[in-house]
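Working notes, structure below.
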Amino acid sequence: MSQFRSYMPLALEEARKAATRGEVPVGAVIVDDSGTVIATEGNRTRERNDPTAHAEILAIRAACARLGQERLTGCDLYVTLEPCAMCAQAIAHARIGRLYFGADDPKSGGVLHGARVFSHPQCHHVPEVYDGLDADSARSLLMSFFEKLR
C-alpha cells in the first residue's frame, strides 16, 4: 500500500498565481495513479474573457490533451475550492477517480452544496470525494483576495 501524498500545496500555488493575475484564486492539479503531475492550472476567466475558464476545466482540458484521450480514468484532481456545478459535471464526464478539495463553497459549490451534482441519477460517474484538504489555507487566500477588492 502506498502512502498518501497531497498535491494541494501545488494547487494552492496555482491559486496564488491566479490572484496575481487578478483572477479569483482557485488552483487545480491533476495527477495520474503513479503520482505524476499531468496538469496544473489556475482560474483564467478574466484573462480569457471566458466564463468556463475555471481552474478545474482548464486542468481537465490540459490533462486530456497531454494524454491524448477524453477520459482521465485513474487520475485524481486536487482543487482549492469546492467545484461549482459546471466543474463537477466536467469532473464526472472526464471520469476523474478521486476529487480532493480545500475550502467548501456554500454560495456556488456544486458538490456538497447547491446542485450536489454527484448525487443526481443523471450523473453517470461519481468520483471519490475528499473535502477539507488544506481548507484553512485555501479559505484564507480567498478571503484575502476579496478583502482587497472591497
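In the set (1) under 20 Å from residue 17 (Cα atoms); (2) surrounded by fewer than 16 Cβ atoms within 10 Å (Cβ to Cβ); (3) of a type in the set (A, V, I, L, M, F, W, C), residue 65 fails one condition alone, (1). Elements of the type strands (runs of 3 or more DSSP E) sitting completely within region 39-150 and holding at least 2 residues that are among the aromatic types (Phe, Trp, Tyr) and touching a residue at least 12 places away in the same chain (Cβ under 8 Å): these cover 98-103. Based on what the data block shows, is residue 115 open to solvent by 10 Å² or more (accessible area, probe 1.4 Å), touching a helix residue (DSSP H, G or I) at 6+ places or on another chain (Cβ under 6 Å), modelled with pLDDT of 95 or more and among the small types (Gly, Ala, Ser)? For residue 115, the condition - open to solvent by 10 Å² or more (accessible area, probe 1.4 Å), touching a helix residue (DSSP H, G or I) at 6+ places or on another chain (Cβ under 6 Å), modelled with pLDDT of 95 or more and among the small types (Gly, Ala, Ser) - is met. Kindly provide the set of residues from region 118-150 that are among the basic types (Lys, Arg) and surrounded by 15 or more Cβ atoms within 10 Å (Cβ to Cβ), ordered by number. Result: 139, single match.
Screening residue 80 against (1) surrounded by fewer than 15 Cβ atoms within 10 Å (Cβ to Cβ); (2) among the β-branched types (Val, Ile, Thr); (3) closer than 21 Å to residue 18 by Cα leaves a single unmet condition, (1). In region 7-23, how many residues are outside any helix (DSSP H, G or I), open to solvent by less than 40 Å² (accessible area, probe 1.4 Å), on the phi < 0 side of the Ramachandran plot and not acidic (Asp, Glu)? Final tally of qualifying residues: 1. Looking only at residues of region 19-38 that are without any contact (Cβ under 8 Å) to a residue 40 or more places away in the chain and touching a Ser or Thr at 6+ places or on another chain (Cβ under 9 Å), we find that the one that is farthest from residue 147 (Cα to Cα) is 35.
The values are calculated or read from the model by the stated rules, or taken from the named source; none is laboratory data. Since the model is a prediction, treat every value here as computed from it, not as a measurement. With ideal geometry, Cβ positions are generated from the backbone for all residues, glycine too; neighbour counts draw on all protein chains shown. The accessibility values were calculated without ligands, DNA or RNA, using every heavy atom of the protein model including side chains. Shrake-Rupley method; radii C 1.70, N 1.55, O 1.52, S 1.80 Å.
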